[in-house]
Amino acid sequence: MTLETAARAFAVSSGREEQDGATTLQRQQRLNRFLAGVERRALRFAEIAVRDRDDAMDIVQDAMIKLAQKYADKPETEWTPLFYRIVQNGIRDWHRRQAVRNRVMSWFGRGKDDESDYDPVAEAPDPLARRPEETVQTDGALDELGAALGRLPTRQREAFMLRTFEGLDVAGTATAMGISAGSVKTHYSRAVHSLRAALGEHYGE
Amino acid sequence: MNEEDDDKLVRRARALFDSSVDELDAERLSKLNRARRRALEELDHGPAFGSWTRLLPAGGAAAAAVLVALIVLRTDEVAIDVPMAPAAAEMDFELLIDEDSFEMLEDLEFYSWMELTDLEAPRQQS
């Protein structure tokens, strides 16, 4: 290899490294912007779904990491439904684990002394995962909504929350839920109908 | 009428949700910020691993090409090692540099006619 050829090869290599560095920085900036834009809503979304602040935070953090690891190369337009799909999966896993835990608890049973101290109303999680001091300050309408959402079947709740709270369109909701667009429409429509029945005709007024 | 009520409900629900998002406390915002930074750190690790795995097929193809090249070269070497091969090559070379062979090339038409005649002669005799 002549000196000239070596110099040319070095220049090309250096240029490529600089380009790669710029690309990584751009990707970081884009992802940072995206996550900063969705993280608050995603956290509230998860809090309402699992009714536990710490677990909701874990779910959102895991979703952020998975998006960065697996889907950062996807077009930015696909990030929102993908991100909420990961969040949804995290929420479903959480519910599965809770179901198993409850089953195990019921097998072992509780002692009579424990039962006498246990107040199911006091122990019941707040539908919107707030602390007691916050609950006092909050509009009653939010409590009503959270309770009504909690009573909906899972798919209906997911479809309603993704469409209404996160503003995803039908296609995006379908991607996030892993179901067809037709099913999204059905679940969403039933959710709205059920919520209207639960909250009353004049809820929105 | 129903659609209007549905729209009102959806708007109200969205407004409530939005206000609850706006009221997130500093502690949770700080945790979200840390979570985001942690995710962005993973971005540095993710692509490196991803590009490495993406290069696997290309690397495999290159390795296969090298292997094939080695086999072919080795095969050639084996062919040269055959005892008859140098002798045959030497003989061909001698034929080529022989003066008669040039004359033969010049009279190629004549020799091909002669060959045909030799081939047909026995048939005519039989």
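Of the residues that sit in region B:1-21 and are more than 54 Å from the chain's Cα centre (by Cα) and more than 7 Å from chain A (Cβ to nearest Cβ), which one is surrounded by the most Cβ atoms within 10 Å (Cβ to Cβ)? My answer is B:A15. Out of the residues in region A:63-72 that are assigned to a helix (DSSP H, G or I) and within 9 Å of another protein chain (Cβ to nearest Cβ), which is most open to solvent (accessible area, probe 1.4 Å)? Among those residues, the one meeting the criterion is A:K70.
Out of A:R163, A:R190, A:R151, report the one residue that is charged (D, E, K, R), away from chain B (no Cβ under 12 Å) and touching a residue at least 12 places away in the same chain (Cβ under 8 Å). Give the derivation first.
Details: A:R163 fails: away from chain B (no Cβ under 12 Å); A:R190 fails: away from chain B (no Cβ under 12 Å).
Answer to the check: A:R151.
Report yes if A:L168 is under 20 Å from the mean Cα position of the chain (by Cα) and open to solvent by less than 40 Å² (accessible area, probe 1.4 Å), otherwise no. So A:L168 passes the test. Screening the candidates A:D117, A:D126 for the property of being surrounded by 11 or more Cβ atoms within 10 Å (Cβ to Cβ), more than 30 Å from B:L40 (Cβ to Cβ) and at pLDDT below 90 yields one hit, A:D126. Note on region A:39-52: among residues that are more than 7 Å from every other protein chain (Cβ to nearest Cβ) and modelled with pLDDT under 95, the one that is most open to solvent (accessible area, probe 1.4 Å) is A:R51.
The values are calculated or read from the model by the stated rules, or taken from the named source; none is laboratory data. Keep in mind that what you see is a predicted model, and the values were worked out from it rather than measured. Virtual Cβ from ideal backbone geometry, glycine too; neighbours counted across all protein chains shown. Protein only, heavy atoms only, side chains kept; ligands, DNA and RNA dropped before computing areas. Shrake-Rupley method; radii C 1.70, N 1.55, O 1.52, S 1.80 Å.
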